[in-house]
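See structure below.
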Amino acid sequence: MKKTLWAAISICTVLYLPASASQNQDSAPVDGLNGVLSVNANIVETPCNLSIEMLNQDAMLASVSLREFRKVGDISQPAEIKFIFDDCMPGTLLRNAHQDGALDYINDQPSVYVQLDSEHDIADKALFRLHGDVAGVGLRIEGPEAVRLIPGVKSKVFNLNPGRNEFILTSFLEKTSAGPVRLGAFWSRINVAVEYH
C-alpha cells in the first residue's frame with residue numbers, strides 16, 4: 001500500500017480593534033469583532049514522521065577551489081543533507097533484489113521512495129541547476145549507498161528500520177560540458193517528496 005506524507009497547518013489571526021473601549025461594551029457580540037482564529041490541518045496515516053526540524057534545511061557547501069574542476073565529471077568535496085524520520089512503524093520492506101527492477105517484500109520494515117523536484121542543469125539533466133553567478137557546474141545529489149538522485153524522478157526504494165532513522169543525502173558540485181567554470185556565489189531550491197510503502 002502506498003502512502004504519501006502530506007501535512008499542512010495554517011493559523012490565521014485577524015484582530016479588529018474598536019474605536020473606543022466604551023463602544024465595545026455597548027455593542028452586542030459580533031463575529032470577528034474581537035478576532036478570528038482559523039485552524040486547518042490534515043490527519044494522515046504515515047509509517048514515519050519527518051522530524052519537524054528537518055522540514056526546511058540549508059545545505060552549505062564550503063568554498064570550492066576552481067582547481068577541483070579540470071575536466072567534465074570532476075566533483076567537489078561532499079556536503080551532507082540529513083533527514084530524520086521518527087516513530088517509523090513496522091511495515092512491508094521493499095527490496096530491489098533483481099537487476100530488472102523486480103521487488104522482493106519482507107515484513108516488519110518500512111520503505112520509502114524519494115523524489116527531488118527542481119530544475120535540471122541545462123548541460124546535464126541528471127544534475128540540479130544552480131542559480132547565481134556560477135557557470136559550468138551543476139549540483140549532484142546522492143542518496144544512501146551512493147544512489148544518484150535525478151531531478152523530478154522517483155528514486156529506487158530505500159529501506160528504513162522501525163523507530164528513528166537518519167536518512168543522509170550527499171551533495172557535490174560537478175563540472176559539466178557547458179564550458180569553463182565561472183566563479184561566483186550560487187543557490188538552488190529543491191523540494192523533497194517522500195512516498196512510503
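The values are calculated or read from the model by the stated rules, or taken from the named source; none is laboratory data. No experiment lies behind these values; they were computed from the predicted model shown. Cβ sites come from the backbone with ideal geometry, for glycine too, and all protein chains shown count toward neighbours.
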* Asked: Limited to the range 142-172, what total is found for residues that are surrounded by 17 or more Cβ atoms within 10 Å (Cβ to Cβ) and part of a strand (DSSP E or B)?
  -> 7
* **Residue, modelled with the lowest pLDDT, within the range 94-125, restricted to residues that are under 30 Å from Arg189 (Cβ atoms) and more than 17 Å from the chain's Cα centre (by Cα)** => Leu94
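So that you can scan it fast, the table gives a plain yes or no per residue for (1) at negative phi; (2) of a type in the set (Gly, Ala, Ser); (3) without any contact (Cβ under 8 Å) to a residue 24 or more places away in the chain:
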site: Ile141; (1), (2), (3): yes, no, no
site: Arg148; (1), (2), (3): yes, no, yes
site: Lys154; (1), (2), (3): yes, no, no
site: Phe172; (1), (2), (3): yes, no, no
site: Ala178; (1), (2), (3): yes, yes, no
* Yes or no: Leu139 buried (at least 16 other Cβ atoms within 10 Å of the Cβ), in a strand (DSSP E or B) and at pLDDT 90 or above? -> yes
